[in-house]
Amino acid sequence: MGDFISKVNRRTLLKGSAALGAAAFASPYFFTKSASAYVNDPSNKSSVILGFNVPQTGAYADEGADELRAYQLAVEHLNGEGDGGMMNTFKPMALKGNGVLGKKVEFTTGDTQTKSDAARASAKRMIEKDGAIMITGGSSSGVAIAVQSLCQEAGVIFMAGLTHSNDTTGKDRRRNGFRHFFNTEMTGAGLAPVLKSNYGTERKAYHLTADYTWGWSQEGSIKKYTEAMGWETVNAVRTPLGAGDFSQYITPVLNSGADVLVLNHYGKDMVNSLTQAVQFGLRDKMVNGKQFEVIVPLYSRLMAQGAGDAVKGIFGSTGWHWSLQDEGSKAFVKSFGAKYGFPPSQAAHTCYVQTLLYADAAERAGTFNPCGIVDALEGFEFDGMGNGPTLYRADDHQCFKTVLVVKGKENPSSQFDLLEVVEEVPAEKVIYDPNGDEFKGDLGACNAG
Amino acid sequence: MLTLFTKSSEKSDLLLLALFAIVVFAMPIWLAPFGAAYPDLMQRFAIFGIFATGFNILFGLTGYLSFGHAAFLGVGSYTAVWTFKLLGMNPIPAIISAVVVAGLFALVIGFISLRRSGIYFSILTLAFAQMCYNLAYSVLTPITNGETGLRVLQDDIRLFDAPTVGEGAPLISHIGGIEMQGMPGFYFCAVLLIVMVGVAMRIFRSPFGMMLKAVKTNQTRLNYTGVNTRPYTLAAFVISGMYAGLAGSLMCVIDPLAGAERMQWTASGEVVLMTILGGVGTIIGPIIGAALIKYFENIFSAFNDQTLDGIFSFLPEPLKEGVVNVTSLFVGDGWNLSLGILFVLIVVFLPGGVTEGLNRTGKFILRRFGIGRDPENEEKTSPAPGE
């Protein structure tokens, strides 16, 4: 192999220099940063581009599809098309229905595949190629956290979609990232009193948990609140995300002496595990002299639809439900229904609201500069977006609003009317210390690229 | 000239490599019309080019089809991120340790798997890779951070980065202040791609490479003549594992995050597709295949009805709607479908992959313009590097 080196003669040298020359010729285009103060500054363009990064394949594809519908609706409303939806009820609002800061809103989409790697690649494409000024979406906390830190490094805003893990605005909070959706801590705080009044204080719980950041977070919060009211946790078993078949995890539950099964699953996982738990006859059993119960801490209508009859009578929490009767929810359900023919899910709701909140913040800040938007959103109080008066807390970029405790309806009147709202837990009952042990994190400084 | 891509003598190697270097470095220019000239995708072209080149050393030369090559990619990634976490954000130590660890890993897996050949070898490697994936996904969560993925955190040790700790400096890999993102990141990967292609060329032309080709042609005959082929195949397996480790570490250099899904069997299958799509046993083929697949994954998956509307806006309204509805099946979340169709077409009509297509077109053009048979066809002294 030595002759590889010895053959470097004059001719090769020339060829080498030609290659280097080409590189040098190409590089000035890319090393010179533009004069803009921030990444993808749209000042000299007539439009502004938002990046919608949602799972189109994988365990959360249903949620992803609904999120995308909501984003498209939000873009229509921002550009002054359609009936305006929540823009008629959102207060205080600076938006004028002519785009954002006079620029037409356009968007680019991508598939996260519910994988951190793919989601980051897709977000990078949006930022580097399509010139997206804000990234939003994600239907998994693992993905949301990964994309949020990417956006922090790249210097764009990240408006989290459906992500429910405490860590998104806890340990892994970032200055450029914001979350409107609630989290597992709020689920625990909201759900526990309802469980207490329905199932009593002497229960033995068995957890099946999706093995990633959200599952761990959900399991931790439910344990924390149920154990505080006297329940005992018999066992907590981790299941891989997207397992499909849960029978091997459900069989041991019967012999464990537990009388409550907590399914810390979401999306298709929850549909499968709940259906199988019901098929195994868990809910017909009497254990320790009590009726065996199943709990699904995080519910969504899409999942209830997938699980069918299995959801009847099962308690859980949800961020928002289309049957809410406030003005904002009604306006949103109306315009979503008019466009797509069915009511929106909670994922669609949070994504729609996030897009409007971002646009409004840019309008109020008078700039698309991420640092200006951060300032405009921190501590922002608003109303009329469903869920009542809401605060974007400055300490951790988490929204505080009403949490819904829901139950699978026994006699649904339509294929969408599957959940009934048992209780609307007001924000002050679920608020927590942003710097408590489980939440301590560092926002860092805002990054404009 | 086009035959250079498949058949070549030692003399033309350097010319080919120089040409390749020019093409790679000029990617930002000639990829622009395809909408692919943005750093992240070009980095991926280079990285998966290295991965596929390494895979081709095993598959193209010895004919051993490993169905678990993503395991080495993943091991390389995890090693690189751990090196970042422990030693600091300089990519050089991360790359070196990733290559070494992936090599050792390949040694162990290769030692066991290479006891069998053919389909049994493929199944063994697949089993090992799935084992690694499941270990990384759930069992070894403390080391790999499971589904969430392993990231570098502010409070990691990072021994040689000590001065920057606490300042909240961005956790991006860098050499001497140049951050390995964007174009610098691409050029870093591109240089390594060119070097690794050079190394692969030397292996293809060396006596060692000849021996590997002999293994592919007729291993039994080699055994009868008293040659012990195991050390050769094992060496090829380890080398290609090290290539994969390098690719894995580069993925973390440009984006310090390692996820278990990198090891999934779909990722192992992807590199097989890349190699076959581009042309097994050719130097350039696997790189073309890698670029094609990554292009599909990143560009086609991003098309939505809105973009299609834009593309077909020249058509009359009712026709446009139909065309958009049909094409939207093949883009967006249907990108796998169009990739599948392309793969079937290539395997059926061009068994030698894209490179065979290029060769045929080249010859056709030469004939068409009456240049006659190109002289290099007569030059049969140097053997073709595998089929």
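The values are calculated or read from the model by the stated rules, or taken from the named source; none is laboratory data. Note that the structure is predicted; figures quoted are calculated from it, not measured. Cβ: placed from backbone, ideal geometry, glycine included. Neighbour counts: every protein chain shown.
Pairing residues of segment B:146-158 that are on the phi > 0 side of the Ramachandran plot with residues that are small (G, A, S) and modelled with pLDDT under 80, at Cβ distances under 7 Å and at least 6 apart in sequence or on separate chains, gives B:G146/B:S138. The set of residues in segment B:200-223 being among the hydroxyl-bearing types (S, T, Y) and either under 13 Å from B:G281 (Cα atoms) or touching a helix residue (DSSP H, G or I) at 6+ places or on another chain (Cβ under 6 Å) (or both) consists of B:T217 alone. Being within 19 Å of the chain's Cα centre (by Cα) and touching a residue at least 12 places away in the same chain (Cβ under 8 Å) holds for only one residue in B:G285, B:G332, and it is B:G285. For segment A:108-115, the criterion of being facing another protein chain (nearest Cβ under 10 Å), surrounded by fewer than 24 Cβ atoms within 10 Å (Cβ to Cβ) and modelled with pLDDT of 90 or more is met by at least one residue.
Just a yes or no: is a residue in segment B:263-279 surrounded by 24 or more Cβ atoms within 10 Å (Cβ to Cβ) and part of a loop (DSSP other than H, G, I, E, B)? Yes, segment B:263-279 has at least one match.
For segment A:427-449, taking the residues that are assigned to a loop (DSSP other than H, G, I, E, B) and of a type in the set (D, E), the one that is nearest to the other protein chains (Cβ to nearest Cβ) is identified as A:D442.
Among residues of segment A:229-247 that are within 14 Å of another protein chain (Cβ to nearest Cβ), those with a Cβ under 6 angstrom from a residue that is assigned to a loop (DSSP other than H, G, I, E, B), sequence gap 6+ or separate chain, pair up as A:R238/A:D211; A:P240/A:D211; A:L241/A:Y212; A:G242/A:A59. When you go through (1) in contact (Cβ under 8 Å) with a residue 40 or more places away in the chain; (2) at the interface with chain B (Cβ under 9 Å from one of its Cβ atoms); (3) more than 14 Å from the chain's Cα centre (by Cα) one by one for A:R125, which number turns out not to apply? Against the list (1) in contact (Cβ under 8 Å) with a residue 40 or more places away in the chain; (2) at the interface with chain B (Cβ under 9 Å from one of its Cβ atoms); (3) more than 14 Å from the chain's Cα centre (by Cα), A:R125 comes up short only on (1).
Can you find even one residue in segment A:151-174 that is at pLDDT 90 or above, aromatic (F, W, Y) and over 29 Å from B:T144 (Cβ atoms)? No, there is no match, as no residue in segment A:151-174 is at pLDDT 90 or above, aromatic (F, W, Y) and over 29 Å from B:T144 (Cβ atoms). Among all residues of segment A:276-286, there is none that is assigned to a loop (DSSP other than H, G, I, E, B), of a type in the set (G, A, S), closer than 27 Å to A:G200 by Cα and touching a residue at least 24 places away in the same chain (Cβ under 8 Å). Checked against (1) over 20 Å from A:D172 (Cβ atoms); (2) within 13 Å of chain B (Cβ to nearest Cβ), A:D66 passes all but condition (2). Filtered by the rule that a residue be surrounded by fewer than 17 Cβ atoms within 10 Å (Cβ to Cβ) and of a type outside the set (G, A, S), segment A:43-87 gives A:N44, A:K45, A:E81, A:D83. Filtered by the rule that a residue be at pLDDT below 85 and surrounded by fewer than 17 Cβ atoms within 10 Å (Cβ to Cβ), segment B:331-350 gives a lone residue, B:N336. Quickly run through segment B:198-212 and pick out the residues that are of a type outside the set (G, A, S) and either surrounded by fewer than 22 Cβ atoms within 10 Å (Cβ to Cβ) or within 12 Å of chain A (Cβ to nearest Cβ) (or both). Matches in segment B:198-212: B:V199, B:M201, B:R202, B:I203, B:F204, B:R205, B:P207, B:F208, B:M210, B:M211.
One line per residue, one yes/no per condition, for (1) surrounded by 16 or more Cβ atoms within 10 Å (Cβ to Cβ); (2) in contact with a helix residue (DSSP H, G or I) (Cβ under 8 Å, 6 or more places away or on another chain); (3) facing chain A (nearest Cβ under 8 Å); (4) acidic (D, E):
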{"site": "B:F303", "(1), (2), (3), (4)": "yes, yes, no, no"}
{"site": "B:L308", "(1), (2), (3), (4)": "yes, yes, no, no"}
{"site": "B:F314", "(1), (2), (3), (4)": "no, no, no, no"}
{"site": "B:P318", "(1), (2), (3), (4)": "no, no, no, no"}
{"site": "B:E321", "(1), (2), (3), (4)": "no, no, no, yes"}
{"site": "B:T327", "(1), (2), (3), (4)": "yes, yes, no, no"}
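Scanning segment A:392-449 for residues that are of a type in the set (G, A, S) and closer than 14 Å to A:H321 by Cα yields one hit, A:G408.
Among the residues of segment B:95-113, is any within 30 Å of A:S165 (Cβ to Cβ) and of a type in the set (S, T, Y)? No, segment B:95-113 contains no residue that is within 30 Å of A:S165 (Cβ to Cβ) and of a type in the set (S, T, Y). Is it true that some residue in segment A:138-160 is closer than 30 Å to A:E232 by Cα, within 13 Å of chain B (Cβ to nearest Cβ), in contact (Cβ under 8 Å) with a residue 60 or more places away in the chain and of a type in the set (S, T, Y)? The answer is yes; a qualifying residue exists. Here segment A:282-334 is the region considered, the condition is being among the polar types (S, T, N, Q) and surrounded by 22 or more Cβ atoms within 10 Å (Cβ to Cβ), and the residue that is nearest to A:Y71 (Cα to Cα) is A:S329. I need the full set of residues from segment A:357-385 which are more than 19 Å from A:T169 (Cα to Cα), among the hydrophobic types (A, V, I, L, M, F, W, C) and surrounded by fewer than 23 Cβ atoms within 10 Å (Cβ to Cβ), in order please. A:A365, A:F382, listed by residue number.
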